[in-house]
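Below: the structure, in structure tokens.
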Amino acid sequence: MQRAFDYCNYISDETAYNQSMHRAILLLSLLINACSPPPSIPPPSTGTVTSFFTTTPTSTPVPLATSTPQSRLSPVSYGPEAEDFPAAINPLTGREVFDPSLLKFPAVLVSISNMPVTARPQAGPGFAPWVYELYIGEGATRFLNVFYGDFPRAIPNINGGCKVRDEIIHPKGDWIGNRVWLDENGNGQQEAWEAGVGGVCVRLLNGTSRQLLAETTTDSNGYYAFEHSEAEVIIQFLKPAAYEFTKPDVGNDDGDSDADSTTGETPPFQTDSTASFWDAGLIGEAVSEEPISAPTPIVTGTPPNWYIPSEPYVGPIRSGRLTYNQIGHMFPNSCLVYASAAWDIGERLDACEIVFGVDKSTPNSALLTVTRLRELAEQSLNPGQPVNYSGNSFSDQAPAGGQAASTIKVFYHSYTQSAWQYDPISQTYLRWTDLADGTGTLVPATDRLSERQMAFENVIVVFAEHLRFRHNQLEIDFSLGQKNFAYLFRDGQGFKMYWSTGNREWEKTTGLVRPMHFVDVQNNPIPLHPGRTWIHIVTPFSAVTDQGNENWLIQFVQPYDPEDTPVP
């Protein structure tokens with residue numbers, strides 16, 4: 001088994017830890033945890049998809065749309081400095097935001113529960129530009145969500161008429177396809193913040209005879225693909241009854257809708273390589289196909305879940321941790337939100353909002369409306385100190401020297417397991433989570449607001465010192481001037497790198513700080529993929545190993561944390 005880092009060969013001057021102790025602790029942990037079942041996730045699809053259609057494609061030709069060749073998007077490259085980002089681009093994602101005026105407000109950092117399992121699916125993590133997952137003791141983790149530039153919202157999750165595909169398609173070679181999306185603003189163009197539509201039936205037809213060549217459905221985020229065909233073909237999208245197709249061929253070919261607004265079909269086309277730009281946009285109001293049952297005439301007692309807001313919210317929100325200050329200081333003027341804390345922890349935290357639940361017997365009832373989330377961001381604005389969360393680079397082009405990484409299994413504890421599977425069609429890692437039952441069985445991790453599987457372009461592992469404050473109360477050291485090992489997973493590859501909170505010219509000139517940044521051994525920026533980032537925080541003795549066949553394991557080694565000695 002390959003170790004996470006070879007300290008002697010990878011970085012010759014890294015001697016902060018005793019290597020023999022490192023190996024002994026790591027080996028002991030791996031032997032103990034080897035007794036637990038490994039996380040189990042469904043195997044990927046190789047491109048053959050079971051038919052879910054109940055109708056037969058028509059053999060009667062219909063009028064086909066014609067289109068003028070359109071331009072393609074140029075690869076993007078942003079950062080690392082603020083002036084390297086266009087005005088509407090979020091420096092935490094390298095993506096355009098819905099409302100650029102929101103970029104002037106500081107981030108809101110929200111503590112969201114991962115345990116108990118009844119907290120899942122959580123509301124909000126699927127929208128956060130950055131999510132930190134940190135160990136909080138007793139085998140559990142928690143998410144600190146950085147909301148900046150965009151805010152969560154409820155998105156209609158319509159039934160596209162077919163089964164939502166949850167298998168990941170791995171084409172054997174070139175492929176054609178891309179996405180069916182919900183054109184929320186109706187402008188005929190895909191925005192980075194617009195969601196996909198799952199369960200839409202998609203067919204590949206021969207361009208001349210209209211013979212059915214293949215059929216598939218979109219996944220929860222709207223993506224689909226077919227194996228490349230040598231023949232001239234047509235892609236046919238079957239729209240849900242309550243929706244219409246948006247106007248086609250608006251703007252560039254990567255962001256437009258290619259489906260004729262009447263037939264739902266593309267023009268006949270032929271390609272000799274991968275064509276990842278065949279999309280369809282849907283507009284309209286979602287209408288439930290299920291009959292609405294009449295309310296019960298008489299309601300007695302307290303209705304279940306009465307505390308859930310009628311508007312979009314984030315949560316469940318849980319208690320504060322000392323590490324939140326460490327992260328919050330990297331986002332100047334940010335607002336920290338949590339649900340209470342032990343007295344000796346709370347007095348040390350810089351909270352701007354504490355959200356209380358109903359009572360101790362209802363741990364998932366502490367929720368924060370998105371309206372209040374935005375108010376907190378606006379109230380945190382310091383007119384004399386403009387927000388600057390730049391410092392990282394983003395590029396469509398992956399760095400050189402990566403190792404194939406299709407599956408990443410994450411083991412914090414036998415009751416806290418997860419995984420990431422790379423989807424080459426969406427170019428994201430899809431998140432899976434366990435049932436907190438020790439079996440290692442994993443299911444798609446969705447966001448409560450969208451009901452779609454969470455997808456992140458970047459998965460990062462940072463190695464950091466976990467300092468013991470008292471039993472089950474740890475503080476992770478992200479103080480100024482720190483630098484340690486890290487891994488970046490993007491584009492189906494893993495890369496060794498560093499995380500750093502060191503000062504650069506901007507920090508030295510202004511005396512201010514920015515979020516942690518990611519560099520190579522020569523301190524050159526390591527580009528992230530444009531999109532969102534999930535950051536796993538692990539101890540220095542933890543391991544990231546390439547287990548072969550594109551499978552990786554993140555093995556968390558718990559810090560030394562004995563029971564507190566009772567005070568007489």
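The values are calculated or read from the model by the stated rules, or taken from the named source; none is laboratory data. What you see is a predicted model, and the numbers here were worked out from it, not measured in a lab. Note that we place each Cβ from the backbone using ideal geometry, even for glycine, and neighbour counts take in every protein chain shown.
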- prompt: If you go through the range 174-188 one residue at a time, how many are buried (at least 20 other Cβ atoms within 10 Å of the Cβ) and within 23 Å of the chain's Cα centre (by Cα)?
  reply: 7
- prompt: What number of residues in the range 394-419 are closer than 25 Å to S77 by Cβ and either without any contact (Cβ under 8 Å) to a residue 60 or more places away in the chain or in contact with a Leu (Cβ under 7 Å, 6 or more places away or on another chain) (or both)?
  reply: 2
field: Matching residues, the range 492-520, being touching a Pro at 6+ places or on another chain (Cβ under 9 Å) and charged (D, E, K, R)
entry: R504, R514, D520
field: Tabulated pairs, the range 176-204, first in the same structural domain as G94 (by TED's automatic domain parsing) and closer than 11 Å to L282 by Cβ, second in a loop (DSSP other than H, G, I, E, B) and at pLDDT below 95, C-beta under 9 angstrom, 6+ apart or interchain
entry: none
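Considering F151, F143, which residue is at pLDDT 90 or above and under 23 Å from E191 (Cβ atoms)?
Residue meeting the stated conditions: F151.
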field: When residues of the range 291-339 are limited to those that are part of a loop (DSSP other than H, G, I, E, B) and of a type in the set (F, W, Y), the one modelled with the highest pLDDT
entry: F331
- prompt: Quick one: would you say S111 is over 25 Å from H529 (Cβ atoms), of a type outside the set (A, V, I, L, M, F, W, C), in contact with a Phe, Trp or Tyr (Cβ under 9 Å, 6 or more places away or on another chain) and outside the structural domain of Y223 (by TED's automatic domain parsing)?
  reply: yes
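Each row is one residue, and each column tells you yes or no for (1) in contact (Cβ under 8 Å) with a residue 40 or more places away in the chain; (2) farther than 26 Å from Y78 by Cα; (3) among the small types (G, A, S).
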position	(1), (2), (3)
E96	yes, no, no
P100	no, no, no
F105	yes, no, no
P121	yes, yes, no
P125	yes, no, no
A154	yes, yes, yes
N157	yes, yes, no
R165	yes, yes, no
- line: Within the range 450-472, residues touching a helix residue (DSSP H, G or I) at 6+ places or on another chain (Cβ under 6 Å) and part of a strand (DSSP E or B) come out as none
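I'm trying to understand the selection: among the residues of the range 340-376, which are assigned to a helix (DSSP H, G or I), surrounded by 14 or more Cβ atoms within 10 Å (Cβ to Cβ) and touching a residue at least 40 places away in the same chain (Cβ under 8 Å)? Can you show your working first?
Filtering the range 340-376 down to residues assigned to a helix (DSSP H, G or I) leaves 343-346, 370-376.
With the extra rule that they be surrounded by 14 or more Cβ atoms within 10 Å (Cβ to Cβ), the set shrinks to 345-346, 370, 372-376.
Within the range 340-376, I345, V370, L373, R374, L376 qualify.
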query: Would you call A225 surrounded by fewer than 24 Cβ atoms within 10 Å (Cβ to Cβ) and touching a residue at least 40 places away in the same chain (Cβ under 8 Å)?
result: no
- request: Quick one: which residue in F485, F478 is assigned to a loop (DSSP other than H, G, I, E, B), within 27 Å of the chain's Cα centre (by Cα) and modelled with pLDDT of 95 or more?
  value: F478
task: Quickly run through the range 380-411 and pick out the residues that are of a type in the set (G, A, S) and touching a helix residue (DSSP H, G or I) at 6+ places or on another chain (Cβ under 7 Å).
output: S390
- request: Please work out which residue is surrounded by the fewest Cβ atoms within 10 Å (Cβ to Cβ), limiting yourself to the range 278-290 and to residues that are of a type outside the set (A, V, I, L, M) and modelled with pLDDT of 95 or more.
  value: W278
query: Got at least one residue in the range 233-247 being under 24 Å from Y429 (Cα atoms) and either crowded, with 24+ Cβ neighbours inside 10 Å or at pLDDT below 95 (or both)?
result: no
- line: Taking first residues from the range 247-268 that are in the same structural domain as L212 (by TED's automatic domain parsing) and closer than 14 Å to L205 by Cα and second residues anywhere that are in a loop (DSSP other than H, G, I, E, B) and among the hydrophobic types (A, V, I, L, M, F, W, C), the pairs with Cβ under 7 Å that are 6 or more apart or on different chains are T263/V62; E265/L64; E265/A259; T266/A259; T266/W278; P267/L64; P267/A65; P268/L64
message: Within the range 513-568, take every residue that is surrounded by 21 or more Cβ atoms within 10 Å (Cβ to Cβ) and charged (D, E, K, R) and give me the one that is nearest to G402 (Cα to Cα).
response: R532
